[in-house]
Structure formats: C-alpha cells, structure tokens
Amino acid sequence: MALEIAEQVKLLKRGTVEVYREDELAQRLTEAAQAPRPLRVKLGMDPTAPDIHLGHTVVLRKLRQFQDLGHKAVLIIGDYTARVGDPTGQNTTRPMLTAEQIKANAQTYFEQAGKVLDMSPDKVEVRYNSEWLADLRLADVIKLTASMTVARMLERDTFDLRYKKGDPIGIHEFLYPLMQGQDSVAIQSDVELGGTDQTFNNLVGRDLQRLAGQPPQIVITMPILVGLDGVQKMSKSKGNYIGVTDSPSQMFGKTMSIPDELMENYFTLLTDVPVEQIKTWVNPAQTHPRQAKVILGKLIVEQFYDKEAAEAAAAEFDKVFAQNQLPDQMPEVAVSSAPIAAAKLLLHCELVQTGGQAKRLIKQGGVRIDNVKIDDPSREVNPQDGMVVQVGKRKFAKLKLTI
C-alpha cells in the first residue's frame with residue numbers, strides 16, 4: 001500500500017510547481033483507498049472566453065490523471081463568480097459578463113475539455129456556483145468577509161501592485177477569492193487544481209474549509225505554459241497559441257515553430273513521456289532538435305486526433321516546408337472573377353484579421369499568389385479558378401470562381 005501510494009504521489013507531482021501539502025496528499029490518497037471513496041478533485045473555470053488552447057490542457061491533463069486513478073473530477077463553472085470577474089493578473093477591473101455569454105462559453109468549454117477529460121457520469125461532476133452563491137444573504141456575505149483581512153488581501157501581488165500605483169480596486173474584487181473559496185466548502189473538495197496564478201484563491205479555500213470544520217483541500221499548482229513565441233504565456237489574444245480544435249496540420253506546424261528551449265517544458269506538461277526519455281530527446285548531442293520537435297508534434301496531434309492524422313500532418317509539413325510544395329488540403333474560397341486588390345483578397349480569404357495586417361504582411365514579403373511574391377497591397381489580382389493564395393509558411397487558400 002505504501003509503495004502504491006508513493007507511486008501515485010510521484011505521478012501526480014510530475015510537472016507541478018507546488019503541492020500544499022505533499023504529506024496531506026499521501027494521507028488523503030491512503031484514506032480514499034481504505035474507505036474506499038474517490039477523492040473529489042476540484043477545478044474551477046470562469047467562462048470568460050469560449051475557446052481553450054494547450055495552455056488550458058496542462059491542468060486538465062492533471063485532472064485526467066486523478067480520474068485515471070479512480071477519483072472524481074468536479075468541474076465548477078463560475079457562472080456567478082464570472083459576474084465579478086477574476087482579478088488575477090489584471091491591472092484593471094474586468095468587465096462583467098452577461099448570462100448569455102456565460103452559458104455559451106461554458107458549453108464550448110465542456111465540448112473542448114472533453115477532448116482531455118473522461119466525461120463519463122461516474123468520472124465527472126459539473127456544478128454551477130450560482131447554486132450556492134446566489135442564495136447568500138447579506139449576513140452570510142458579512143460573515144464570509146470577516147474571515148479575511150485587508151492586509152491578507154493585499155498580499156496578493158495583483159492587488160498590491162494596483163494599490164501602490166494608486167489604481168482603483170473595486171470592493172467586489174476582494175469578494176472573488178472568498179467566493180471561489182466558498183465553492184470548495186460547498187462541494188467539499190479534497191483537492192483543488194489550478195495554475196500558479198490561482199494559488200492565492202485556492203489557498204483561501206483551505207482557510208474557509210478549516211473554518212467550516214472540513215479537512216482543508218490539498219492545493220496543487222501547475223505552471224503557466226509559455227506560448228509559441230517563447231516569451232509570454234500562451235494566449236489566443238497574443239496569437240502564440242495552439243488551439244485544441246486546430247487541425248492536425250495546424251497543431252503540428254505550430255509545434256515545429258517553438259523555440260528549442262521550450263521542448264522539455266512541452267514534453268513534460270503536454271505528454272506522458274517518461275522523464276528519462278525526455279532528457280534524451282531534448283539533448284542535442286543525442287537527438288537533433290528538429291527530430292525532437294517532429295516527435296513532440298506527432299504526440300500532441302495524436303492526443304486530439306489519432307496516429308494516422310499525426311503521421312499525415314508530419315508528412316504534409318515536410319512536403320510544404322522541406323520540399324517547398326503545396327499542401328494536399330487547402331480551404332477553398334469562393335470569389336468572383338472581378339479584379340481585386342491583393343490586401344482585400346487576403347481579407348476575403350480570411351487569411352488575415354484586418355486590412356492593416358494584410359498590408360503589413362504584403363510589404364514584408366510574406367504573401368505569394370500562385371507562388372509569385374506580392375509586394376504592393378494595392379496591386380490588382382485577377383482571380384482564377386484554382387489560384388493559390390499563401391500567407392507566411394502555414395496559411396493557404398485555393399480560389400474557386402463563382403462567375
């Protein structure tokens with residue numbers, strides 16, 4: 001039993017930043033095995049955005065490990081806390097979301113999280129925190145706030161920074177960690193997972209559980225995944241992300257673009273490859289960095305699709321990038337035969353988001369039409385059936401004439 005629990009702890013610690021506390025985790029796993037009773041492992045998400053990327057899957061993968069060990073994932077959809085807005089990492093107060101936005105975002109989250117989690121009824125429990133937070137009376141809220149001091153709140157770096165700069169902090173933002181902590185009390189969580197940016201909130205949950213006479217949850221924090229640029233955290237708004245709904249070729253191509261120094265981090269957080277094997281693959285004296293990225297790219301694609309899709313994505317990448325050939329599959333875009341400015345054509349093909357971006361890419365030499373470089377955004381293009389428009393190395397569109 002001791003060896004089995006020790007192995008479980010070792011597995012669950014992989015890729016983590018901190019476990020509050022490891023001895024408590026071992027004890028809780030032992031008690032769960034003896035009862036037997038599955039641990040309730042909490043992960044909260046505020047549906048502030050509809051799509052998730054590989055950065056989000058770091059903590060989802062850890063939750064899946066608990067599921068595979070026989071424990072239950074408890075997903076808390078913060079439909080009530082989203083009305084406040086998590087101040088984590090924010091220099092300004094977050095805007096509040098409407099009920100419609102929250103519902104739509106949550107639905108998308110379920111569908112995408114299901115690519116990582118086991119969504120079987122006996123493996124996952126989904127709760128909305130409006131179930132218990134909406135019924136709190138003013139007296140309940142006052143009692144809740146009495147459990148926390150202003151000095152403790154200002155220990156949080158986000159609040160401390162804004163306070164010292166003289167930037168406004170809404171009183172309702174102080175309520176957020178308390179509301180998230182109350183979630184842990186309401187569902188009686190044994191473990192709570194979160195990124196390092198959630199450490200303060202999750203530890204508040206331990207405090208509130210103690211006050212409620214419950215065993216304090218173990219808090220496990222996961223690192224924030226660095227994006228494709230190798231500098232900032234992975235974020236859709238920064239354009240440095242790999243989305244869980246990206247096509248196999250997009251996933252593979254984006255993975256091949258990461259800086260070499262990120263490979264060990266990505267192997268550790270996004271795959272189940274043993275540590276010893278990772279060391280071999282990221283050591284340039286033993287494995288060429290390009291080959292290591294090929295392995296990584298295939299492993300990532302295989303998780304969300306299958307081995308066949310991963311091999312096909314790798315083959316297409318080699319065809320396009322190493323052999324400078326066109327990909328086998330390209331989105332077709334309907335267009336009339338009327339002449340159109342090159343910048344407007346990029347917008348029409350949805351290869352760029354704005355006209356300004358189109359003009360900039362053309363001037364930088366990043367656009368080709370039928371393999372001819374275009375350097376004038378105003379240049380008129382006469383669309384032809386089968387004409388290929390290329391932006392950078394990974395974006396293609398094939399024109400289909402409608403007239």
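If you take the residues of the stretch 188-221 that are assigned to a strand (DSSP E or B) and crowded, with 21+ Cβ neighbours inside 10 Å, which of them is modelled with the lowest pLDDT? First the steps, then the outcome.
Taking the stretch 188-221 and keeping what is assigned to a strand (DSSP E or B), we get 191-195, 218-221.
Applying the additional criterion that residues be crowded, with 21+ Cβ neighbours inside 10 Å yields 191-194, 218-221.
On the way: VAL191: 98, GLU192: 98, LEU193: 97, GLY194: 94, ILE218: 98, VAL219: 97, ILE220: 97, THR221: 97.
Per the stated criteria, the residue is GLY194.
Is it the case that some residue within the stretch 303-313 is more than 19 Å from LEU228 (Cβ to Cβ), open to solvent by 60 Å² or more (accessible area, probe 1.4 Å), free of Cβ contacts under 8 Å to residues at least 60 places away in the same chain and touching a Pro at 6+ places or on another chain (Cβ under 6 Å)?
Yes, the stretch 303-313 contains a residue that is more than 19 Å from LEU228 (Cβ to Cβ), open to solvent by 60 Å² or more (accessible area, probe 1.4 Å), free of Cβ contacts under 8 Å to residues at least 60 places away in the same chain and touching a Pro at 6+ places or on another chain (Cβ under 6 Å).
When the stretch 303-332 is examined, which residues are found to be closer than 18 Å to SER257 by Cα and charged (D, E, K, R)?
The answer is GLU311, GLU316, ASP318, LYS319.
Please verify whether the stretch 317-326 includes one or more residues that are of a type in the set (Phe, Trp, Tyr) and more than 30 Å from GLN277 (Cβ to Cβ). Before the answer, list the steps.
So the first thing to find is which residues in the stretch 317-326 are of a type in the set (Phe, Trp, Tyr), and the list is 317, 321.
Those still in the list that are more than 30 Å from GLN277 (Cβ to Cβ) too: none.
Within the stretch 317-326, none of the residues are of a type in the set (Phe, Trp, Tyr) and more than 30 Å from GLN277 (Cβ to Cβ).
Before we move on, is LYS123 open to solvent by less than 70 Å² (accessible area, probe 1.4 Å), among the charged types (D, E, K, R) and free of Cβ contacts under 8 Å to residues at least 60 places away in the same chain? Steps first, please.
Details: open to solvent by less than 70 Å² (accessible area, probe 1.4 Å): yes; among the charged types (D, E, K, R): yes; free of Cβ contacts under 8 Å to residues at least 60 places away in the same chain: yes.
So LYS123 passes the test.
Can you name the residue in the stretch 267-293 that is within 20 Å of LYS393 (Cβ to Cβ) and either touching a helix residue (DSSP H, G or I) at 6+ places or on another chain (Cβ under 6 Å) or of a type in the set (Phe, Trp, Tyr) (or both) and, of all such residues, is surrounded by the fewest Cβ atoms within 10 Å (Cβ to Cβ)?
Among them, the one singled out is PRO289.
Working only within the stretch 355-395, note down all residues that are open to solvent by less than 20 Å² (accessible area, probe 1.4 Å) and touching a residue at least 40 places away in the same chain (Cβ under 8 Å).
Restricting attention to the stretch 355-395, the residues satisfying the condition of being open to solvent by less than 20 Å² (accessible area, probe 1.4 Å) are 358, 362, 367, 369, 374, 377, 381, 383, 387-389, 391.
Once the filter is applied, which keeps residues that are open to solvent by less than 20 Å² (accessible area, probe 1.4 Å) and touching a residue at least 40 places away in the same chain (Cβ under 8 Å), the stretch 355-395 yields VAL381, PRO383, VAL388, VAL389, VAL391.
So how many residues does the stretch 165-187 have that are modelled with pLDDT under 90, open to solvent by less than 40 Å² (accessible area, probe 1.4 Å) and more than 25 Å from the chain's Cα centre (by Cα)?
Total meeting the criteria: 1.
Identify, by number, the condition in (1) open to solvent by 50 Å² or more (accessible area, probe 1.4 Å); (2) in contact with a Leu (Cβ under 6 Å, 6 or more places away or on another chain); (3) under 19 Å from ARG61 (Cβ atoms) that SER337 doesn't meet.
Only one criterion is unmet by SER337, namely (3).
When the stretch 31-68 is examined, which residues are found to be part of a loop (DSSP other than H, G, I, E, B) and modelled with pLDDT under 95?
Keep residues of the stretch 31-68 that are part of a loop (DSSP other than H, G, I, E, B), which gives 35-39, 46-52.
If the condition is that a residue be part of a loop (DSSP other than H, G, I, E, B) and modelled with pLDDT under 95, then ALA35, PRO36, ARG37, ASP46, PRO47, THR48, ALA49, PRO50, ASP51, ILE52 are the ones that fit.
Quick check on the stretch 137-149: of everything there that is of a type outside the set (Gly, Ala, Ser), surrounded by fewer than 15 Cβ atoms within 10 Å (Cβ to Cβ) and outside any helix (DSSP H, G or I), which residue is modelled with the highest pLDDT?
Per the criteria, the residue is ARG137.
Tell me, please, whether a residue that is of a type in the set (A, V, I, L, M, F, W, C) and open to solvent by 50 Å² or more (accessible area, probe 1.4 Å) can be found in the stretch 34-48. Write out each step before concluding.
Narrowing the stretch 34-48 to residues of a type in the set (A, V, I, L, M, F, W, C): 35, 39, 41, 43, 45.
Still in the list and also open to solvent by 50 Å² or more (accessible area, probe 1.4 Å): 35.
Within the stretch 34-48, one or more residues are of a type in the set (A, V, I, L, M, F, W, C) and open to solvent by 50 Å² or more (accessible area, probe 1.4 Å).
Does the stretch 114-128 contain any residue that is of a type in the set (Gly, Ala, Ser), at pLDDT below 95, out of contact with any Leu (no Cβ under 6 Å at 6 or more places or on another chain) and under 29 Å from GLY15 (Cβ atoms)? Steps first, please.
Kept after step one, since they are of a type in the set (Gly, Ala, Ser), are these residues of the stretch 114-128: 114, 120.
Pick out the ones that are also at pLDDT below 95 and you get 114, 120.
Now drop any that are not out of contact with any Leu (no Cβ under 6 Å at 6 or more places or on another chain), which leaves 114, 120.
Now restrict to residues that are under 29 Å from GLY15 (Cβ atoms): 114, 120.
For the stretch 114-128, residues of a type in the set (Gly, Ala, Ser), at pLDDT below 95, out of contact with any Leu (no Cβ under 6 Å at 6 or more places or on another chain) and under 29 Å from GLY15 (Cβ atoms): present.
Among residues belonging to the stretch 234-277 that are among the β-branched types (Val, Ile, Thr) and within 18 Å of ALA310 (Cβ to Cβ), point out the one that is farthest from the chain's Cα centre (by Cα).
VAL273
The values are calculated or read from the model by the stated rules, or taken from the named source; none is laboratory data. All of these numbers come straight from a predicted model, not from anything done at the bench. Heads up, the Cβs are rebuilt from the backbone with ideal geometry, glycines too, and the neighbour counts pull from every protein chain shown. Accessible surface areas use protein heavy atoms only, side chains included; no ligands, DNA or RNA. Shrake-Rupley method; radii C 1.70, N 1.55, O 1.52, S 1.80 Å.
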